[in-house]
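Written below as C-alpha cells is the structure these notes are about.
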Amino acid sequence: MKYGISFVIILFVLSSCELKQNAEKPTLPVNPIIGTWELISGTTIQGKDTTVTDYTKNRKFIKIINGSHFSFVGHDLSKGKDSVAFYTSGAGTYTRTDSTYTEHLQFCSDRAWEGNDFPFHVLIQNDSLTQTGIEKVEKIGVNRLNIERYVRLKND
C-alpha cells in the first residue's frame, strides 16, 4: 500500500511536469492567408467606369493559397449555356510581407495576363479576406483598381 501511494504521487508529479512543458512550447506562426477562399464580390474601377460583380449569383469563383503558390478558377453556374457564360483560371507564386500580397501570375486562361505581378493590400479578419490593388497590363490597356472580397471555405 505504501508503494502504491508513492507511485500515484510520482505519476501525478511527472504528468504535471509534462503538461507544463507542453504548455510552454511556442506555437509556430500560421500564415492566415493560407486556405481556400470563395470570392463573394469584386469591384473594378477603371477611369470613370465602375463594375461590381456579385459572385454569389450565377457564378462561382475560388482561390486556393498554400505556402508558396496560389491558383484561382471561376465559372458560371449555367454550364456555359447562356449569355452569362464565363470561365477563368490562373496560377502562380506569391510573396507576402505584412499586409502586401503580390501575385506573380505564371498561368492564365487569358494569356495576355501571364508574366505580370499584381501587388495587393490584404486585410484578413476572421474568415474574411479583402484584397485591394492596381491591376496593370499595359499590352491590353488594363490599368484599374480591383477590390475583391472573399470568405474562407470550411473543411467538410
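Points to keep in mind about this one:
- For residue 86, distant residues with modelled amide H under 5 Å away: 76, 80
- Listed residue (118, 102, 64) projecting farthest to the positive dipole end of the range 35-152, Cβ model: 64
- Proximal charge balance of residue 102 [Cβ under 11 Å; K/R count +1, D/E count -1]: -1
- The convex hull of the Cα atoms of the range 79-156, projected and averaged over all directions, covers 7.1 nm².
- Environment charge at residue 82 (Cβ cut-off 15 Å; Lys +1, Arg +1, Asp -1, Glu -1): +3
- Loop sites in the range 49-81: trypsin sites (Lys or Arg not before Pro), DSSP, at most 13 other Cβ within 10 Å: 57, 79, 81
- Distance violations [Cα-Cα > 27 Å] among 63/136; 48/79; 63/139; 79/136; 48/136; 48/139: 48/79; 79/136
Laboratory data are not the source of any read-out in this text; all were calculated from the coordinates shown. Since the structure is predicted, the reported quantities are computational estimates derived from the model, not experimental observations. Quick reminder, even Gly has a Cβ in these numbers, built from the backbone with ideal geometry, and neighbours come from all protein chains shown.
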